[in-house]
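A short worksheet on the structure shown next.
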Amino acid sequence: MTGQGADADHFAPLPMETNAKGDMRRIGIEVEFSGLCERRVASILQENLGGDLDDADPHLLFVRGSALGDLEIELDTALGKKKSGGLAGSQVKDLLRGLVPVEIVTDPLTPDEMARFDAMIPVLREAGASGSRNGVFLGFGVHLNVEVVAPADPHTLRTVRAFGLLDPVLRADNGIDVTRRVLPFVNAWPRALVDELVEEKPDSLELLLDLMDPHVRTRNHALDLLPLMKHALPRLFEASYPDEHSTKARPAFHFRLPDSRINEEGWSLQEPWEMWRLVEKVAATEQLETLEEAWQDHAHSGGVLRRESAWVRIASDILGRDTQ
């Protein structure tokens with residue numbers, strides 16, 4: 001289902017290509033992996049994309065002014081989010097390397113720019129980058145920060161509803177790594193929240209936040225809505241999440257794919273991109289209403305939806321009929 005029409009040199013556009021201002025919607029990328037030190041990664045990116053190397057901190061480097069804007073490379077630990085803090089801090093990070101990932105964070109990119117960044121994946125693979133399937137405890141991921149059309153745009157709210165229904169399908173269809181599931185980074189939304197999204201069909205972010213509040217208390221979900229909420233509703237966000245200080249406000253969906261396969265031949269950022277495009281394609285059509293009707297029709301049919309696999313079959317049948 002995902003990957004249809006994918007082209008290694010071209011990332012297909014979203015169904016809603018532009019934001020409310022008429023500008024191309026952009027996507028920030030985060031890729032985690034091990035096998036290479038931060039400086040080696042920065043050197044590879046600089047060699048291929050140009051720019052100036054900022055290596056004032058050996059564990060938090062930047063390639064500034066590259067062909068794709070600024071690129072951040074860091075050892076992705078709680079320690080790595082700040083300056084090293086002297087020799088001891090740096091030594092601790094050195095000991096953690098291999099157990100925690102190196103992460104590349106891009107500026108927001110257009111789909112065409114995403115394709116150019118994607119060309120770095122085989123280069124990094126050839127240099128020795130290793131993904132999450134090379135170790136039982138390696139929970140490395142790939143994140144897409146997808147700019148919304150506008151925070152309160154109907155497509156934004158429809159996309160949230162579509163994701164709630166499609167998350168089990170995406171996990172099953174793409175063989176999401178089980179080891180990452182047990183780590184507290186990409187949990188599915190509670191079933192009760194999906195029920196309420198289908199029933200209430202919130203038509204404002206305020207109503208959506210009201211529905212989320214009892215069910216979503218952390219950022220550790222496959223679709224993290226807290227950055228968007230903090231951007232659009234700063235006062236209400238502070239009231240609902242007074243202790244959530246790590247969230248950066250931004251007008252974007254934070255889609256967290258819990259499986260970095262950077263070392264696998266043929267793997268590409270096309271995979272998470274096509275997963276996300278499926279969500280937005282459903283949100284942009286009557287497929288969303290069809291899925292919601294099916295969810296409600298089967299919600300009380302002998303507990304069929306208590307088995308995730310049952311819903312995956314139902315939803316896949318609907319998508320298959322409508323996309324052939």
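The values are calculated or read from the model by the stated rules, or taken from the named source; none is laboratory data. Quick caveat, the model's predicted, so the values are computed rather than measured. Glycine also receives a Cβ, built like all others from the backbone with ideal geometry; neighbour counts cover every protein chain displayed.
Some values worked out for this structure:
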| item | result |
| --- | --- |
| Every residue from the stretch 27-81 that is assigned to a loop (DSSP other than H, G, I, E, B) and either in contact with a Phe, Trp or Tyr (Cβ under 7 Å, 6 or more places away or on another chain) or not assigned by TED's automatic domain parsing to the domain that holds Arg116 (or both) | Leu68 |
| Residue in the stretch 188-210 that is at pLDDT below 95 and under 27 Å from Ala129 (Cβ atoms) present | no |
| Any pair with Cβ under 7 angstrom, 6 or more apart, that starts in the stretch 53-72 at a residue that is among the aromatic types (Phe, Trp, Tyr) and ends at one that is at pLDDT 95 or above | Phe62/Asp54; Phe62/Asp70; Phe62/Leu71; Phe62/Glu72 |
| Residues located in the stretch 197-221, provided they are more than 21 Å from Val186 (Cα to Cα) and of a type in the set (Lys, Arg) | Lys201 |
| Selected residue (only one of Pro242, Pro202 is in contact (Cβ under 8 Å) with a residue 40 or more places away in the chain and not in a helix (DSSP H, G or I)) | Pro202 |
| Residue match in the stretch 34-49 (condition: surrounded by fewer than 17 Cβ atoms within 10 Å (Cβ to Cβ), out of contact with any Cys (no Cβ under 7 Å at 6 or more places or on another chain), among the small types (Gly, Ala, Ser) and in contact (Cβ under 8 Å) with a residue 12 or more places away in the chain) | no |
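Let's see how each residue does on (1) crowded, with 18+ Cβ neighbours inside 10 Å; (2) touching a residue at least 24 places away in the same chain (Cβ under 8 Å):
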{"site": "Ser246", "(1), (2)": "no, yes"}
{"site": "Asp259", "(1), (2)": "yes, yes"}
{"site": "Gly266", "(1), (2)": "no, no"}
{"site": "Val279", "(1), (2)": "yes, yes"}
{"site": "Leu291", "(1), (2)": "yes, yes"}
{"site": "Asp297", "(1), (2)": "no, no"}
